[in-house]
Every structure is written in C-alpha cells, then in structure tokens.
Amino acid sequence: MQSLTAAPREGMDPDVVMALLTGDDLEVSAGLERVDNDGRMVEDLSAALVDGSVSWDGSVDVHRECSLVLNREIGWDRDRVRPYLDLSSDLLGVRARWWLGVFILTSPSESWGAGDERTVAGLDLLHLLACPIGNTLTATKGTKVLAWCRDLVARTSFGPRVFFDSAGEDATFTEDMVWPLIPATGGGLASTTWLQPLAEALSSIGFEKPWVDEAGQMRARPLVPVSQRTPEHVLSADDVARTILGPVRQRQRDLTQIPNAWIFVAQGWDLTPVEGDGLYTPPDNLSVGPTSITARNGHRVLAVRELPAQTQAALVAQAATIVEADQRAASKRTVEINPFPMMGHGDVYQLEDAEVGAPVKAAAAAWTVHLNESNGSLTMKEVPT
Amino acid sequence: MAPAVLKLRQLWINDAADPADYVVVPMLRDSMRTPKVRGEARENAAGRVRLVRRAGRTEAWAPQLGVVPLDVALDLKDRCGRLQTFRDGVGGKLHGVFWEAPYVLLGRMNGVQSARVTLAITEITHSEEV
C-alpha cells in the first residue's frame, strides 16, 4: 500500500489522512499531469481529462494499466502522464492528493463528431523494458547483481528513478549468466526482452520481480512470503462507523489442480542437483487450507518447477512464495471499495467480514480505482493460516 | 393621464470570445435556477451510509424571455453552442451555453416582425484573471 504520507502528501498527519479516507463525507476530483523522466510535472492536462480508471494486476509483468477518456490528443506512446485523485472533506477541512502511477499511452481509439473523445489505454513504465534487447546479454560471475540491474535499466529509456532495496547490494552472480538473443525455450522466435534478464537476475538473489510505484519509480525488494508479512491495513465490513467496503462482497474458490506437493529445481546449474544443493522439496501440504491433501481426501497434486535461483537460499525463498500462492489460490475475495487511492503493489490486508467467516489475511491480486466518485474494486487471495 | 409603462428587466448576452458582440433581450421573469452536484448517500457494508460526491457543480437556467424582434431571435440562433456571458441587470452573472434557441413567430409589432424565444442555459466552469 502507499504510505499515508508519501509524496505528494508529505508533512500531513497520517491520522488525518486515514480519517479523510474513511470519514463521513468525501469529495472526489481527478486530474492528469504530464511529467518528465524525473517525475516533475511539466504540464497540467486536467482540462483534457474526461474520465478514466487505473488498474493493477499482480499476475502480469507490467502491473499498472490506465484507461483514460480525453477530449484532445496528447503524445501517444511518447508522453508520460500521471493521473491523480484529490480527496477532500468538508467536515475535516482536509484535502489530499494521491498519484496513481505514471503511464505511457499506447493504444488510442479516437472518434470525431460525437464529443471528439479519445479513449486510450496506457501501461506503466515497465512497458519500456518489455521490448527485445536485440542482442545476447551476459553477466559475469562475481559481478554485483543490483549494480548490473541498474546498468541494464540505464541502457533503456526508463530514466534514472530506480530504487532497489539495499539489502541485496553486495550479492553477486555466482556463475556466468547468458541471455541469448533468441531464448532456447519459450516458443517461436520471441526475442529476450530487457524485462526478462532483469527479473531473473533479481529473482536469483531472492528479490521480487521489478515493479513501478505510484510515482513512476522502479522498485524491487527481497521476497517475503505473504504469511510472514504484517497486514498493512484492516479492511472491515463489520465496522459500521468506518467501513469503506460496498454492501456486496464475493468469495470465489477454484480448487482445480492446485498443487499440494512440490519439487523445485534450480535452473541452469552445472552440477546435477541434489536435495539441498540445487533441489528443494518442501513438505507436502497435508493440512493447510482447502487444497491440502487431507482436505482433498488424500488426493496429492504434485508440481515440478524450475526456478532461476543463484543460491539454495534464493531457491528456497522463491519456492516458499509459490507454495503460499498455491495455498492462497484456493479462495479469492472481491469487494467494492469507496474511492481508496492508497492501493499499491502487492498489498496485504486483514479482511474482517463476519458474514463471510473469520478474519483472514489476504493478499491483493488486482484492483481498480476510478478517476471519479465511483466505487473501485479490490480482488484478494486469502492466506490460509 | 399618461399611459402605463411596463419596464421589463433585460438579459444581456455577450459572446465570451468577443465581448463587444452582444444582444439584449427582455426577460419576463426569472425562472428557477437548478444547481446540481453529482454524488450520493452511498450504502456500504454493515449498513453504513456515507456521503460521496464528485467535486464541482453544474447549473441550469431557463429564463422566460419577452417578445423580441425577429432579427434578435436569429442573432440568438447564431449563438447556439458558443460560450456566452449572461447578465440579468440585478447582479446575476453566469458563463454558459445554450444548445438550441427555439422561436415562434408572432405578429408584427410597430411594423417589425416579432418572435418569442426560449433558452435553456447550462453553466460552464469559468475563471477570470484579476
């Protein structure tokens, strides 16, 4: 989730910001800015914004997407635009702004004669790395991974705002790495994109895949299984004084072929992997959640997966996240939510809804915020305990 | 005894792009202005009801106009869909637009063809530099 006092809300009292988000009265307005590569506003485009929405999806490589309705053309596939939402309350006498991401508008659909409106979809700045490198890429054993990743990004048009967690600063490649122009596997003649080696290099030291935050800054941090993360916010459907959830909440379950047993193999190691050295077999899921072997009346669903890990520890860290995700996949919760622009990347919530069941921890899977006063939506995956 | 004289209020309509271009029409009486805000008393879970609204406001105004010479009615027709400034002579001022100016021909008055016009004005958000 965004920090309550992240830019452009620096200096505000976090309690007041939270009171604004959950208070009795809420006024909503939206705007749009063109920004430069450093994230500085260079043009206010709010007069051109008719309507729109911003969505986030944790299951794809380029996580944020926007859909805007504009009344004039702006630089398609060139300009960087930053939609924002302003919330205010008469009761509290407070007004605050939330940025919702920085986007390249890639897919305009224009019409003339009926309002001259342009509907355009945009992708967040990771889109700039989702194109082929056009060459074979290598990394030498002993090179610092995060420095190598920064150099890689610097060769693209992404810009200078790259912030990786310093916890991995000293980690190095433990062997030479090669990303060929055309990958040996993966199908067809799909060339290696800038995003693939970046994500694999970060994964190899136990980091999550790169993502871009609400201000357009690239981020990556050590992968922490959701079960070990503290919920960032309590979403309560039971709190009559403060709930921001709509009256209709949904729970969906799909138990089809979700693994409850796993074997993980490190990708590309020279030696034949053995357990503890390039191979990791976590305990079978005997009893956690509705996909466990016990819950399925003894049915064991095994998955064998190869992961791009440099070390056994990185292999185990990646495996733990997958195991948890497989357990979470069992239950999905979708809620309508009042304008709540706090939602960010990979958020973890405590979900309280007595009508549905006991309180649960839930990890965001997808969300949408509308650039108007409409309710947004939030889909989460439950984390079994 | 001098004949009674009825003086009507007047509505001044200036073209926003060229304020020197104006027309004056008599106004029989002011009609209701309708300010409108988008929002609702939103029902949430647990029975909570919360006020959620969109910033901004629109205002509609349909003044009832007096009889005008036909050339004034035709002038108003040319102003359809263009931003105008409306002043009612008693301090009321509004920037707005009307999309149609239906008129009906009446008889000749003082040798001039007359008509009655109806306007439905929608306020347009406007700011003036001081």
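The values are calculated or read from the model by the stated rules, or taken from the named source; none is laboratory data. Nothing here was measured: the structure is a model prediction, and the numbers come from that model. We place every Cβ from the backbone using ideal geometry, glycine too, and count neighbours over all the protein chains shown. Note: areas computed on protein heavy atoms with side chains; ligands, DNA, RNA excluded. Shrake-Rupley method; radii C 1.70, N 1.55, O 1.52, S 1.80 Å.
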*At a 1.4 Å probe, which residues in region A:221-241 are at least 20 Å² less accessible with all protein chains present than in their chain isolated?*
A:Ala237, A:Val240
*What accessible surface, in Å², does a 1.4 Å probe find on A:Met380, ignoring ligands, DNA and RNA and rounding to the nearest 10?*
0
*Selected from A:Gly93, A:Gly31, A:Gly101 as most flexible by GNM, with chain A as the system and alpha-carbon contacts under 10 Å*: A:Gly93
*Hand me the chymotrypsin sites (Phe, Trp or Tyr not before Pro) from region B:19-127 located in a DSSP loop with no more than 10 other Cβ atoms within 10 Å, in residue order please.*
B:Trp99
*Say the dipole of chain B comes from +1 at the beta carbon of Lys and Arg and -1 at that of Asp and Glu; which of B:Pro69, B:Gln84, B:Thr125 then lies farthest toward its positive end?*
B:Thr125
*How large is the Kirkwood hydrodynamic radius of region B:69-130, in angstrom, based on all distinct alpha carbon pairs?*
13.1
_Highest-MSF residue in chain B out of B:Ala20, B:Ala45, B:Ala115 [GNM, Cα springs under 10 Å]_ = B:Ala45
*Could you give the accessible area per residue of region A:243-346, probe 1.4 Å, as a whole number in Å²?*
45
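Just to be sure I understand: if you take the accessible area of chain A alone plus chain B alone and subtract the pair, with a 1.4 Å probe, what total do you get in Å², rounded to 100?
1700
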*List the trypsin sites (Lys or Arg not before Pro) in region B:24-130 that DSSP assigns to loop (not H, G, I, E or B) and whose Cβ has at most 14 other Cβ atoms within 10 Å. Which are they?*
B:Arg38, B:Arg57, B:Arg82
*asked:* Just to be sure I understand the interface: list residues from region A:26-44 that lose 40 Å² or more of accessible area between the chain on its own and the complete protein assembly, 1.4 Å probe.
replied: A:Leu26, A:Glu27
*asked:* Placing unit charges on C-beta atoms (Lys and Arg positive, Asp and Glu negative, everything else neutral), compute the dipole magnitude of region A:1-101 about its Cα centre in debye, rounded to 20.
replied: 220
*Once the Cβ-Cβ distance between A:Ser157 and A:Ser107 is put in as r, and R0 is 22 Å, what FRET efficiency do you end up with, to the nearest 0.05?*
0.75
*Solvent exposure, largest accessible area first (probe 1.4 Å, DNA, RNA and ligands not counted), of A:Glu27, B:Glu40*: B:Glu40, A:Glu27
_So, R0 is 35 Å and r is the distance between the beta-carbons of B:Val104 and A:Glu43; what FRET efficiency does that work out to, to 0.05?_
0.15
*What do you get for Rg/Rh over region B:1-98 if you use C-alpha atoms and the Kirkwood form of Rh?*
1.19
*Spin-label point model (7 Å from Cα, Cβ direction): what's the A:Asp116 to A:Arg300 distance in nm?*
6.9
*Only helical DSSP H runs with n ≥ 4 go in: add -39500 (n - 2.57) per run for the protein assembly as shown, normalise by residue count and round the 222 nm mean residue ellipticity to 500 deg cm²/dmol.*
-3000 deg cm²/dmol
*Seen from all sides and averaged, what is the projected area of the convex hull of the Cα atoms in the protein assembly as shown, in nm²?*
33.7
*Mean Kyte-Doolittle of at least -1.0 and a Cα length of 15 Å or more along the axis: which whole DSSP H helices of chain A meet both?*
A:312-328
*Ignoring ligands, DNA and RNA, what accessible area per residue does chain B give at 1.4 Å, in Å²?*
63
*Can you pull the mean other chain C-beta count within 10 Å for peptide B:34-46?*
5
*Roughly how many percent of the accessible protein surface of chain A is carbon and sulfur, given a 1.4 Å probe and a whole-percent answer?*
50
*asked:* In whole Hz and in residue order, list the ³J(HN,Hα) couplings for region A:268-281 that follow from phi through the Karplus curve 6.51 cos²θ - 1.76 cosθ + 1.60, θ = phi - 60°; x for Gly and Pro.
replied: x, 6, 5, 7, 6, x, 10, 4, x, 9, x, 9, 9, 10
*Can you pull the one-decimal nm distance between simple spin-label points at B:Tyr22 and A:Asp238, each 7 Å off the Cα toward Cβ?*
6.7
*region A:352-385: which residues show an accessible-area loss of 10 Å² or more, assembly versus chain alone, 1.4 Å probe?*
A:Asn372, A:Glu373, A:Asn375
_To make sure I understand the rule: partners must be lysines, Cα under 30 Å from the Cα of A:Lys381, and not fewer than 8 residues away in the same chain. Which ones qualify?_
A:Lys209, A:Lys332, A:Lys361
